[in-house]
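Worksheet for the structure shown next.
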Amino acid sequence: MVHVVPSTIFPRVYQMSAWNHDVMRFEGDVYELEVIGSLPTDLHGAFYRVQPDHAFPPMFGEDEIPLNGDGNICCFYFENGHVDFKNRYVRTPKFEAERAARRALFGRYRNKYTDDPRVRDVLTRTTANTHVIYHANKIMALKEDAPPFEIDASTLETVGLVNYNNTFHCPTHTAHPKADSDTGELVAFGYEAKGDGSPDICSFTVDKEGYVTEEVWFKAPWACMIHDFWATENYVIFPINGLKASVEQMQKGGEHFYWDENLDHQLLGVIPRRGAKPEDVKWFKTSRGCYSHTINAYEEDGNLVLDANVWTDCVFPFFPNSQGKKFHYDPKNIRSPVLRYRFDPKGSTEVMVHPQQVIQEGVNEFGRVDDRLLGKKYDRYWILTVDPTKQIYSNGTAAQAGFNTLLCHNFKTGKKQTYYHGNDVTFQEPCFVPRSGGASPEEGYIVILADLYRESRSQLLLFDAQNIDKGPIAQIKLPLKLLDGLHGSWVDGKDVDLASKGTTGKVDQ
Ligand SMILES: C=Cc1ccc(O)c(OC)c1
Ligand SMILES: [Fe+2]
């Protein structure tokens, strides 16, 4: 008798963009990428980024959500005008167990109740799929449901879970920690910090040597997705939205989060960055919407200034609303203007905090700054925006145009620059690259991955950060397509060396 195994076929999972309709699952190296234009020879370092990329057909087929793909990291290493490329999956316990079984063993996004019983005892079920950062001699792959995974900077091999020299006590860790360029500290937090559905937040600081030095635990008014936050010199600020965690829903085999469409406000939780006690937290009310990513924050004249794009409805339509309905609104109607809040953290929480200013109308996401200015007054941010007047190559509607435009806003001059590459191109998150040799803040480059739909291939574009409207100064060709990822970081060459564990995969000189 012939023994038949089910064939490996991927379902058409709902994706935020058509670019991601097919999985890639690629691992490999490409040495000496082709470059159109010219690369500045003083550029020495690497651009790391991560994409969720399901390694196996998901257990729940078409009902799977894009946030649950396995973390697949790539690195573009720049030295002396050359670029080399590497791409590897993070070896999470989930990835290893599923590889061994040649099938999915873990169920829904952040829902352990849907896992195969044989993986009940794994250390973590995280996918490590959201961000890659550098801190204290380590490259770390992050997802907000677990501690970071350390990755070898040169080989992209997975080193193991990070515990900050045994000083880390929180089971979860944001994918968006904020580095303080003055102190070398990493300001971070974990939410659902006492288990799935718990409203507990652990706000903590890691010093420049990689030890947790500050830690305070407190409770939010409800448990929700706190995907990003702000940190200034003296404060940490948590955006609380209506994407609520529900253990009941999880236990029924459903999603981790639901969207509370009846909630008529959001909250900003403010707590001192140093020496805070749980009772120090203050909750300020803000208007209806859905917080996702922040851009930057600083203190000015005793006020907090908080910048972020804020969605007008649930940012992730694949999470059900309180009636269990998914895709509960018309995507054509959603916007995410860039807002600026300005308020006194010592002020009353009785009055609602309204945005002081709408900085940018429309649909905007993935705003980044020169990371050395995180928490400090800054002049420029770079963000993706949708130009709905541009039709897309595949005959799509304006609503499907995607992030076809890169925008840079200079607050000091009030000027905005934009760059549009063509009707078959969408962009991924921009990343600022400092120029070496004592250049001032915001002097440098922007790297941005372009999705070339017509060629089904990716291209890394490099801009002069202050003149993006002049177009890319170099275009680095990839012979393959990278899925729409989330976040990435530029890491200076000497830090790449510090975060490499030995074997070097770099170009021999
Ligand atoms: C806002 C993005 C976002 C939020 C939560 C996630 O688990 C995630 O995984 C890729 C991404
Ligand atoms: Fe994010």
Expressed as a whole percentage, what fraction of the accessible surface of the stretch 414-472 belongs to carbon and sulfur atoms when a 1.4 Å probe is rolled over the protein heavy atoms?
-> 42 percent
Heavy-atom accessible area per residue, the chain, 1.4 Å probe: how many Å²?
-> 41 Å²
By the C-alpha gyration tensor axes a ≥ b ≥ c (rounded if a/c is under 1.5, else prolate when a/b exceeds b/c, else oblate), the shape of the stretch 163-362 is oblate
Classified through the alpha carbon gyration tensor (a ≥ b ≥ c as square roots of its eigenvalues; rounded if a/c is under 1.5, else prolate when a/b is larger than b/c, else oblate), the chain comes out rounded
What is the stretch 409-509's relative contact order, in percent, from Cα pairs under 8 angstrom and six or more apart in sequence?
-> 22 percent
Could you pull out the longest piece of the chain with no exposed loop chymotrypsin sites (Phe, Trp or Tyr not before Pro) in it, calling a site exposed if DSSP puts it outside H, G, I, E, B and it has at most 15 other Cβ atoms within 10 Å?
-> 32-210
For the chain, any Cys whose C-beta has no other cysteine C-beta under 4.7 angstrom counts as unpaired, and these are CYS74, CYS75, CYS224, CYS290, CYS314, CYS408, CYS431
Excluding TYR298 itself, what net charge comes from residues whose Cβ is under 10 Å from its Cβ, given Lys and Arg +1 and Asp and Glu -1?
-> -2
Length-normalised contact order for the chain - Cα pairs under 8 Å, 6+ apart - percent | 14 percent
Eight or more residues apart or on different chains, and alpha-carbon atoms under 14 Å: count the Lys pairs in the stretch 163-362 matching that.
-> 5
List the relative contact order of the stretch 163-362 as a percent without decimals, with contacts defined as Cα pairs under 8 Å and 6+ residues apart.
-> 14 percent
Expressed as a percent, the accessible surface of the stretch 163-362 that is carbon or sulfur, using a 1.4 Å probe and the full set of protein chains, is 47 percent
Where does each of MET140, MET24 land when they are ordered by accessible area, with a 1.4 Å probe and the largest first?
-> MET24, MET140
Sites matching trypsin sites (Lys or Arg not before Pro) across the stretch 10-107 that sit in DSSP coil, with at most 13 neighbouring C-beta atoms within 10 Å = ARG12, ARG102
Cleavage-rule hits, trypsin sites (Lys or Arg not before Pro), the stretch 106-195, DSSP coil, Cβ neighbours within 10 Å at most 10 = ARG120
May I ask you to compute the full-extension gain from THR349 to LYS412, defined as 0.36 nm times their residue separation minus their alpha-carbon distance, rounded to one decimal in nm?
-> 19.6 nm
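The values are calculated or read from the model by the stated rules, or taken from the named source; none is laboratory data. Owing to the predicted nature of the structure, the values given are computational and were not obtained by experimental measurement. So basically every Cβ, Gly included, is an ideal-geometry build from the backbone, and we count neighbours across all protein chains shown. The accessibility values were calculated without ligands, DNA or RNA, using every heavy atom of the protein model including side chains. Shrake-Rupley method; radii C 1.70, N 1.55, O 1.52, S 1.80 Å.
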